[in-house]
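I have placed the structure first, in the form of structure tokens, so that the comments after it can refer back to it.
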Amino acid sequence: MSKFILFLLILALCLTGCGGLSASDAQATADVVAAVAVDAALAALPPTHTPWPSVVVTVVQTEVVEMTREVEVTRLVDRPVTVTPTPTPLNTPTPSQTPTITPTPTDTPTPTATPLPTATPNLAQTATVEAYGALAAPKGDGFYLVGVDILPGKWHSTSTSDGCYWARYDANQELLDNHFGIAGGTVNVRSTDYEIEFDDCGVWEYVEDAAPVLGPDATEPKGDGFYTVGVEIAVGRWRSTGTGESCYWVRLDGKQDILDNHFGKAGGTVTVRATDYEVAFEDCGTWEYLGP
């Protein structure tokens, strides 16, 4: 009987090891062999008068189940990191201004230059030195063509009348400038003028190139009239001694343009400057020199 049990065990092991049975069939075979072994053991016991108590054999079948599960594991890994410090920028020089490229302008036609008026007379109209001399000769009442009959420049009246009239005209006989009143003043004839008129002003003398020479009576009291500064009247402060209400004085430049003037009560003062060309007094009484 023991040899038979041993045979079954060997057979079960062989089938299991050789892959002839599955795991479940092998387990069942093992259970059967175990049961047969128990029965054989019981049968081998010697008989006694007292029956053997029933023996209950509990066979515990343990099934091992292998389970595989993928588990994601998060790992903290220390990794050395080299930090390169950002260099501090040095003071960057301010870039110079980039010049703006100016587009090349389109060529425009060059305007024809207008010739400036000549300060000297047109000698083609006079032709000779004798005629030029005649242009600068003293002038009386009448009309004179500029550059033909009279030389451009400053002309001074030598009269003392109070009805002197002079006028400057252009080529269309349009009035450019004029004066009516006391004689003894100056008119500046321009080369752009066309014609000059003189009336009741006495004799006109050409003084454009005359050197200013201060007269011996330049600081003596002055009455009504025109006075050339630095020649007939001294530079400085002058005071009116009149008491009237219609005193008029005026300071003029070399072109008869007004620099300053006054009309009204007499008795005031006026400062004659070296840059003035001429001054005129009318109905202001006598003017006395107070000094520079």
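We did not get these values from a lab; they are worked out from the coordinates using the rules stated. Quick caveat: nothing in here was measured; it's all calculated off a predicted structure. Glycine gets a Cβ as well: all are built from the backbone with ideal geometry, and neighbour counts include every protein chain shown.
When Lys and Arg each count +1 and Asp and Glu each count -1, what net charge do the other residues less than 11 Å away from G142, Cβ to Cβ, add up to? Spell out each step's value before the answer.
On the way: positive: K139; negative: D141, D149, E195, E197, D199.
The answer is -4.
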Completion exercise
Here the net charge surrounding A266, from other residues whose Cβ is less than 13 Å away from its Cβ (Lys, Arg +1; Asp, Glu -1), is -3
Problem - Unit Cα scatterers, Debye sum, region 171-292: log10 I(q)/I(0) for q = 0.16 Å⁻¹ - result: -0.81
Exercise for the section: Enumerate the calculated ³J(HN,Hα) couplings along region 241-258 in order (Karplus 6.51 cos²θ - 1.76 cosθ + 1.60, θ = phi - 60°), each rounded to whole Hz, writing x wherever the residue is Gly or Pro. Expected result: 9, x, 10, x, 10, 10, 6, 10, 9, 8, 10, 10, 9, x, 10, 6, 7, 6
